[in-house]
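Inspection log for the structure reproduced underneath, given as structure tokens.
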Amino acid sequence: MIKIKQFTIIKPDDWHVHFRNGKILKTIVKYTSNFYERAMVMPNLSSPIITIKSAKKYKKNILNALKKNSTFTPLMTCYLTIDTDPDDIEYAFYEKIFFAAKLYPKNSTSYSKFGIKKIKTITNVLERMQKIGMPLLVHGEIVDKNMDIFDREKFFIDKILIKLRKDFPELKIVLEHISTKEAVDYIQSVKKNLGATITPHHLMYNRNDMLSNGIRPHLYCLPILKSKTHQEALRKAISSGNKKFFLGTDSAPHYYYNKESHCGSAGIFNSLSSLSIYAEIFEKMHALNHFESFCSRNGALFYSLPENKNTITFIRKSWKIPDKIFVGEKIIIPFLAGKMVKWTIE
Ligand code: OTD
Ligand code: ZN
Ligand code: ZN
């Protein structure tokens, strides 16, 4: 079979990314803005983005970290707490300060301690979001010490999401970073107002890769990697061309000493290699014909945004992912550090 040497697509958007703040932000934004035209910026900082003022400041910090002629657009999200005011949400949505709001179940992931314990405490906010057409992004896991960590997503769908969709049928919801067959099946079964992002790491790896040959802290993330069956369901989902699935890297850097630790942090920094990995997997699945839609069309369609005008070109030329990224003196270990990947992006 002849292998395609290069191809060009509409410049993609990353519908789920963590930029952090301060020095990390200044160092890493370019790894997203070089390859992506827009990004949905997650609000779970150590001081989360819960107010209009903090969102404005954060956006300014991101824009200041960009190269002078960059066309990159960050879309800001609001971290929902029990104190979120529906009037603020409405004002900030119409003023284009917040594009969407993010629901973190309390303690479900890094920096989610101000998250929501019971959905009914934010009913008034969800009602307003539904009314004004503001998307709700969800970290879809139930966290309960009596529940197995591998079942968190499935239970979220069964116990929370199905009811949430029933109560707010017109609310646009994105189930972020899906990791299970149950999530794939549920998304496919729903007619409208529900989409999902899929990360490179959940497509590339399963829990054996993380645990069966020594423990790999740099593959530890939430939702945690699942079994091969689930990984394969995700791969099938993207290869099907179903428009409800779109790109979201969930790139989430931590310093290496917080990952390689007696209590390691969850999160994988994959911005550098994300597009190469996605391309590799689509090719492996014989689904490169659906690649551009996943990267550059489906998300825009879901969010009713125009498609980007710029393009990027993928060249079949392997390159090595750096072993480390320096943030001043400190080190972040990127996803697939030191490994070769097949596609170079121009
Ligand atoms: N998952 N780590 C982080 C976020 C994501 O749930 C997520 O979106 C993080 O460090 O912010 C992680 O494992
Ligand atoms: Zn999450
Ligand atoms: Zn995330």
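The values are calculated or read from the model by the stated rules, or taken from the named source; none is laboratory data. Note that the coordinates shown come from a computational prediction; the quantities given were computed from them, not determined experimentally. Note: ideal-geometry Cβ built from the backbone for every residue, glycine included; neighbour counts use all protein chains shown. SASA here: full protein model, heavy atoms, side chains in, ligands and nucleic acids out. Shrake-Rupley method; radii C 1.70, N 1.55, O 1.52, S 1.80 Å.
Just to be sure before I move on: is residue 238 in a helix (DSSP H, G or I) and among the β-branched types (Val, Ile, Thr) in the structure I sent?
Yes, satisfied.
Okay, residues lined up against (1) closer than 30 Å to residue 275 by Cα; (2) in contact with an Asp or Glu (Cβ under 8 Å, 6 or more places away or on another chain); (3) without any contact (Cβ under 8 Å) to a residue 12 or more places away in the chain:
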{"position": "37", "(1), (2), (3)": "yes, yes, no"}
{"position": "41", "(1), (2), (3)": "yes, no, no"}
{"position": "46", "(1), (2), (3)": "yes, no, no"}
{"position": "52", "(1), (2), (3)": "no, yes, no"}
{"position": "60", "(1), (2), (3)": "yes, no, yes"}
{"position": "70", "(1), (2), (3)": "yes, no, no"}
{"position": "78", "(1), (2), (3)": "yes, no, no"}
{"position": "88", "(1), (2), (3)": "no, no, no"}
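So for the stretch 72-88 (the condition being within 25 Å of residue 25 (Cβ to Cβ), surrounded by 15 or more Cβ atoms within 10 Å (Cβ to Cβ), aromatic (Phe, Trp, Tyr) and at pLDDT 95 or above), does at least one residue qualify? Steps first, please.
Step one: of the stretch 72-88, the residues within 25 Å of residue 25 (Cβ to Cβ) are 72-81, 84, 88.
Still in the running and surrounded by 15 or more Cβ atoms within 10 Å (Cβ to Cβ): 72-81, 84, 88.
Going one step further and asking which of them are aromatic (Phe, Trp, Tyr), we end up with 72, 79.
After this cut, where a residue has to be at pLDDT 95 or above as well, the list is 72, 79.
Scanning the stretch 72-88, I find at least one residue that is within 25 Å of residue 25 (Cβ to Cβ), surrounded by 15 or more Cβ atoms within 10 Å (Cβ to Cβ), aromatic (Phe, Trp, Tyr) and at pLDDT 95 or above, so the answer is yes.
Being surrounded by 17 or more Cβ atoms within 10 Å (Cβ to Cβ), within 16 Å of ligand 2 (Cβ to nearest atom) and at pLDDT 95 or above narrows it down to one residue among 226, 244; which is it?
Details: 244 fails: within 16 Å of ligand 2 (Cβ to nearest atom).
On inspection, the qualifying residue turns out to be 226.
So, residue 188, is that one outside any loop (DSSP other than H, G, I, E, B), over 18 Å from residue 151 (Cβ atoms) and open to solvent by 10 Å² or more (accessible area, probe 1.4 Å) or not?
So residue 188 fits the description; yes.
When you check residue 314 against the structure, is it free of Cβ contacts under 8 Å to residues at least 60 places away in the same chain and of a type outside the set (S, T, N, Q), yes or no?
no
For the stretch 257-280, does any single residue satisfy the condition of being at pLDDT 95 or above, part of a helix (DSSP H, G or I), under 30 Å from residue 2 (Cβ atoms) and out of contact with any strand residue (DSSP E or B) (no Cβ under 9 Å at 6 or more places or on another chain)?
Among the residues of the stretch 257-280, not one is at pLDDT 95 or above, part of a helix (DSSP H, G or I), under 30 Å from residue 2 (Cβ atoms) and out of contact with any strand residue (DSSP E or B) (no Cβ under 9 Å at 6 or more places or on another chain), which makes the answer no.
Residues to consider are 273, 261, 265; find the one that is of a type in the set (S, T, N, Q), open to solvent by 10 Å² or more (accessible area, probe 1.4 Å) and more than 16 Å from ligand 3 (Cβ to nearest atom).
261
Out of the residues in the stretch 23-32 meeting the condition of being hydroxyl-bearing (Ser, Thr, Tyr) and more than 22 Å from residue 174 (Cβ to Cβ), tell me which one is most open to solvent (accessible area, probe 1.4 Å).
Filtering the stretch 23-32 for residues that are hydroxyl-bearing (Ser, Thr, Tyr) and more than 22 Å from residue 174 (Cβ to Cβ), the one most open to solvent (accessible area, probe 1.4 Å) comes out as 31.
Given the condition in contact with a Ser or Thr (Cβ under 7 Å, 6 or more places away or on another chain) and more than 16 Å from ligand 2 (Cβ to nearest atom), answer yes or no: does some residue in the stretch 258-266 qualify?
Scanning the stretch 258-266 turns up at least one residue that is in contact with a Ser or Thr (Cβ under 7 Å, 6 or more places away or on another chain) and more than 16 Å from ligand 2 (Cβ to nearest atom).
Here are 38, 20: which of them is buried (at least 20 other Cβ atoms within 10 Å of the Cβ) and on the phi > 0 side of the Ramachandran plot?
Of the residues listed, the single one that is buried (at least 20 other Cβ atoms within 10 Å of the Cβ) and on the phi > 0 side of the Ramachandran plot is 20.
Are any residues in the stretch 282-340 out of contact with any helix residue (DSSP H, G or I) (no Cβ under 6 Å at 6 or more places or on another chain), surrounded by fewer than 14 Cβ atoms within 10 Å (Cβ to Cβ) and small (Gly, Ala, Ser), and if so, which ones?
Hits for the stretch 282-340 are 304, 318, 338.
Would you point out which residue out of 141, 153 is touching a strand residue (DSSP E or B) at 6+ places or on another chain (Cβ under 9 Å), part of a loop (DSSP other than H, G, I, E, B) and within 16 Å of ligand 3 (Cβ to nearest atom)?
141
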